Amino acid sequence: RQLAAEAGLLPQHVSDYLHQDDRPTRRDLPAERIGAFEEVCGNTAVSQWVALQSRLTVLEEMQAMRAAA
């Protein structure tokens, strides 16, 4: 609940974002809320995962991390 409140998200949605299984019925964290989510969590794990999934080069990944900061 605290994470949801601080990141401007709905608590029931946060449960879906963080659930271990990846069923098609689970909600995805909206891209526009990633920065707020990471700020509250104190890391950039989501941005790093997105960069890895998009197979960015190291330079592109560094640029994306700077832009997210």
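Each helix, a run of at least 4 DSSP H residues, gives -39500 (n - 2.57); summed and divided by the residues of the chain, these come to -16500 deg cm²/dmol at 222 nm. Counting only protein heavy atoms and using a 1.4 Å probe, the accessible area of LEU59 comes to about 110 Å².
If I build a Gaussian network model for the chain, linking alpha-carbon pairs within less than 10 angstrom, which residue out of VAL14, VAL46, VAL58 has the largest mean-square fluctuation? Of VAL14, VAL46, VAL58, the Gaussian network model singles out VAL58 as fluctuating most.
How large, in percent, is the carbon and sulfur part of the accessible surface of the chain at a probe radius of 1.4 Å?
53 percent
Our summary gives the chain a relative contact order of 25 percent, counting only alpha carbon pairs under 8 angstrom and 6 or more residues apart. May I ask for the Kirkwood hydrodynamic radius of the range 30-69, worked out over all distinct Cα pairs and given in angstroms to one decimal? Evaluated over the range 30-69, this radius sits at 10.2 Å. Scattering from the chain was approximated by placing one identical point on each alpha carbon and applying the Debye formula without solvent; log10 I(q)/I(0) at 0.11, 0.13, 0.16, 0.24 1/Å stands at -0.29, -0.40, -0.59, -1.10.
The values are calculated or read from the model by the stated rules, or taken from the named source; none is laboratory data. Everything quoted here is computed from the prediction, not taken from an experiment. To get the accessible areas, we keep the full protein, side chains included, count just its heavy atoms, and leave off ligands, DNA and RNA. Shrake-Rupley method; radii C 1.70, N 1.55, O 1.52, S 1.80 Å.
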